[in-house]
Structure formats: C-alpha cells, structure tokens
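See below for the structure under consideration.
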Amino acid sequence: MGLVLKHVEQTKSGRWQYRRRVPKAVSEVITKREFKKKLGDSEKEALAAYPRFHAEVEREIAKALQQVEHGEAADRGEATEREAYQVALARATELAPQGTDWITREAIIDRIVSRYRQDPETLDPIGATDVDRLTINLVRNGGIATARPEPTLEDAKKLYLAERRGKETPETFHRFEGQVNRVVDLTCKALGRDPVLTELTRDDARRVRDFMLDQVKSNGERISPSSVARYLNGLRAIINHAATEMDLPATFKSPFNNLSVPQAQGRGSVGEGEKRDPLPPAVLKAVRERICHSAKPDLALIWRLLEGTGCRLAEVTGLRVEDVETTGEFPHIKVAWHENRRLKTQASIRHVPLVGDALEAAKEALKLPREGNMLFPGYGRARGSDAASAALMKHVRAITTDKRHTVHSLRHNMKDRLRLAEVASLDQNIILGHALGEVGDRVYGGTPAKLRVTTRAMERALG
C-alpha cells in the first residue's frame, strides 16, 4: 500500500506534493485558491517534510479564522473601538494599499458610505459601525493621521483573559472568566462607561468601590467588604497587567492601587479566622453520626478524611489512588497538582499523615468500585468539590443553623487539636498547607523527615 497522508498526492511525474484548498470561511483573508508545496521525490522525503508544512498551514488557517471572527464581531458592534481599529486597519490596507491615488480612495469610501443613509449637511454615514467609520478615515487619511484608540478596561479584560485561556481546565477557566466579567461589568456600571485606562482617576476608583459596597445579594443582604476587597484585587490585577503588556505611558499608575475598603459597622474586630468556627463536640458528633448512617458511602469517607486530616475539601475529592499510601511506616496522602485539580498555593502541595480513623477511611476508600484513577470517582471531577460541599452541608444544616458552622470548620477543629497538643507552628502549617515563612522552612528538608515529625504531631493531636 502506498503513502496515505491527508492533502498529499502523487503527481504524474512521481513526485509527492501537498495540495489543499483554502477553506471558504477564510477566503477573504487568505486570497490564494490553495496551499501547494512539493514535499519530495520519494515517500521518505514526503514523510519527513509533511508534518512541518501541514502544521504551518494549520496555523495560517487558525490565524485567518481568528481574524474573520474578530471582523465579524466588530461588524456586529461586539468589539471595542481598539479592536475595531485593528480590523479597519487590515481592511483599509487591503482596499487601498500604499500608493493608491486619491480618486480610487474616494471611490472606495463612496462604496462604504453607500450602505448607510447620509446626513444631508455633512454627507457622513448615519449609524455606521466603528469598523466602517474607522476604515473610511484610514482610507482617506492613512494610519499616521488616524490615531489608534487608547485601550479601555474592556480591552484590558480581553487581554487578561487571553493570557489565561489554555492554561486552565475549561471548567476552571469558565469560572475565572465569570468572575472577571462580573468585576469589569460592575466597574463599567459604576462609571457609566467603558473607561479609557489612562483617564481613570482616584475619584473613579472610590466611586467604583462605593458602588460595589452598595450591591445587594439575592438573599437581600449587602455584599460584604471582604467580597468587595476581592473584586478590587481582581480589578487591580487586570489593570496592572495591561500597564505591563499594553502601550500605556511609563508614568501610568492604577488609581485602584492601595485603595482601602471600609469595614461594615460592628465588624471591624472580626478577623479572618473568625469567619468560621470549629464545630462544637456535640455538633461534630451529631453531624458525623448522621453522615455515616445516612449519606452515601463515598461521602461519609470524605467526611472522615476531612475530619482526620484537616485538608481542604477539594484536596480530598481530588485525590487519585496513587496519592494514597496506607502501608509502610508513615501512611499518608499526597496532596499534589494534577490535570483534574489545581491547588490554592504552593504550600498546599504536601504529604499529610494518616492516623487513626483517617487511615481506616483511606483503606476503605481504596476498595470503592471505580473506573479510572480517582479515589472518589463521583467527586473527582471538575466542580466535584462543589457537589460534595453541597451534599455535606445538607447534613450539617440538619444539625446546626449557625452560619459559622460549615464543612470548612473541620480545618479549624484540626487547628485547635494541633494547638492543644502543643504542636510547633511550622509543623501545623505543613499539615494544614499554610504558607511557610522562612526560606529554609520552604526549601530544605526531605519528605521522610517531615512525615516522621508530622505523624508524631498528628498522633498527639488525635490521641
């Protein structure tokens, strides 16, 4: 059987060539009829040359498709003025290349203007899209005379998202994109416009902050100052990224930098650790009994592991079978980054000892029926921790209605146990995945030694 490669054919002379028609969808961008290239005189030469040229063609088509999509979005009015300018510049260059005489340029402009009604006095097109308006200016005056629009917050947002796209799982990126869109939408509503970045003022920043603080959640409560602080952190990241990556003046500084968020009256003394309370012994016992007797087996095992390790919920639901070691001198679970689960911080990557009931729960979890390598197949997926949280919280709320009592309270229970057992702060942080202060604490020391120390600490805390 001869050589069989997509878009490859043998000519009458016996040579091998790549031949592929330009897709109709990009024919306005790629003006030639087909991609054509000699690959070699033999099958061996053709096989060697094919991958590189085929990849070049795929990249050119993908780039052209992106241009077409941007152009269509601009024509629909869905692009920013800066994006519309890029589309208009490409069209003007194609319609009136350098050296085109003014009579031809005016004829091109007349064709564009003819699509619209004209102002009887100025003869300007009424309701022209940004792309057509800018194309007219560029054809008539050229790129030097028609300044590129200054970047706006919407431009900064799109660049920020483009940099993150492809670096996350689709589900994670979708959630991130929603958060970014909400922050930018609130900002534009507060200011009544899509602001030009270099025109933002400190007064604008305060207005945005106060507008966010006035937002009301679906339950009728006002949004918390801590949520507004998170929104502003996201907004700062978007703008500061644009300051680095876009052609902003070197003197530009975001007016949102160092913008404080007033605490709600009566909440100034509430620290970060007071937002959740440990579950009281009676509540903890009642919730555990309810879950172990009423919940699905895998959910009950997740609860027992959370209670016995102090791990975050996503760290447990994202465990793989290979991350669980129940034999040897120091049984443990390995909390690691993988394709199905990202971690909160670098310090989150760690080995957590399995002691007492947590070890028994891990052994039982390994016996669960499964397809694939996730320890908890029902929850080891995108948003699986959210599903587990919702299911567990139903049981928690059946016992306690205190808003400070949640699944996350189990981490506070473990923190208290470690403190009462007089475990050193460094060892507590290693177990719980908190940031480690000194460079030596973060970098030096082997896993076996750390496991030996943390296992003893857990035995004291749970003993």
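The values are calculated or read from the model by the stated rules, or taken from the named source; none is laboratory data. No experiment lies behind these values; they were computed from the predicted model shown. Positions of Cβ are generated from backbone atoms using ideal geometry, with glycine treated the same way; all protein chains shown enter the neighbour counts.
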Problem - Filter pass, I126 being of a type outside the set (S, T, N, Q), at pLDDT 80 or above, closer than 18 Å to E81 by Cβ and touching a strand residue (DSSP E or B) at 6+ places or on another chain (Cβ under 8 Å) - result: no
Exercise for the section: Could you tell me whether segment 398-407 includes any residue that is assigned to a helix (DSSP H, G or I) and not β-branched (V, I, T)? Expected result: yes
Exercise for the section: Read through the list (1) of a type outside the set (G, A, S); (2) out of contact with any Asp or Glu (no Cβ under 9 Å at 6 or more places or on another chain); (3) at pLDDT 85 or above, then give the number of the only condition that E171 fails. Expected result: (3)
Exercise for the section: State whether the residues of segment 230-242 include one that is small (G, A, S) and within 13 Å of E154 (Cα to Cα). Expected result: yes
Practice task
Can you tell me which residue among E81, E106 is modelled with pLDDT of 80 or more, buried (at least 18 other Cβ atoms within 10 Å of the Cβ) and acidic (D, E)?
Solution key: E81
Problem - Leading residue by the ranking (modelled with the highest pLDDT) among those in segment 25-52 that are within 30 Å of A92 (Cα to Cα) and either in a helix (DSSP H, G or I) or in contact with a helix residue (DSSP H, G or I) (Cβ under 6 Å, 6 or more places away or on another chain) (or both) - result: F35
Problem - Number of the exception - E163 against (1) touching a residue at least 40 places away in the same chain (Cβ under 8 Å); (2) not assigned by TED's automatic domain parsing to the domain that holds L248 - result: (2)
Exercise for the section: List the number of the failed condition for E121; all other conditions in (1) modelled with pLDDT of 80 or more; (2) over 15 Å from E81 (Cα atoms); (3) part of a helix (DSSP H, G or I) hold. Expected result: (3)
Problem - Close pairs from segment 86-100: first of a type outside the set (A, V, I, L, M), partner in a loop (DSSP other than H, G, I, E, B), Cβ under 8 Å, at least 6 apart - result: none
Problem - Residue among T327, T345, T309 that alone is β-branched (V, I, T), out of contact with any Lys or Arg (no Cβ under 9 Å at 6 or more places or on another chain), at pLDDT below 90 and under 26 Å from I430 (Cβ atoms) - result: T345
Practice task
May I ask you to say which residue of D119, D155 is more than 28 Å from G99 (Cα to Cα), of a type in the set (D, E) and more than 26 Å from the chain's Cα centre (by Cα)?
Solution key: D119
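Okay, residues lined up against (1) over 24 Å from L153 (Cα atoms); (2) modelled with pLDDT of 90 or more; (3) not assigned by TED's automatic domain parsing to the domain that holds V396:
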{"position": "M212", "(1), (2), (3)": "no, yes, yes"}
{"position": "I223", "(1), (2), (3)": "no, no, yes"}
{"position": "S269", "(1), (2), (3)": "yes, no, yes"}
{"position": "G273", "(1), (2), (3)": "yes, no, yes"}
Exercise for the section: Have a look at L410, L359, L375 and point out the one that is within 24 Å of G328 (Cβ to Cβ) and under 32 Å from the mean Cα position of the chain (by Cα). Expected result: L375
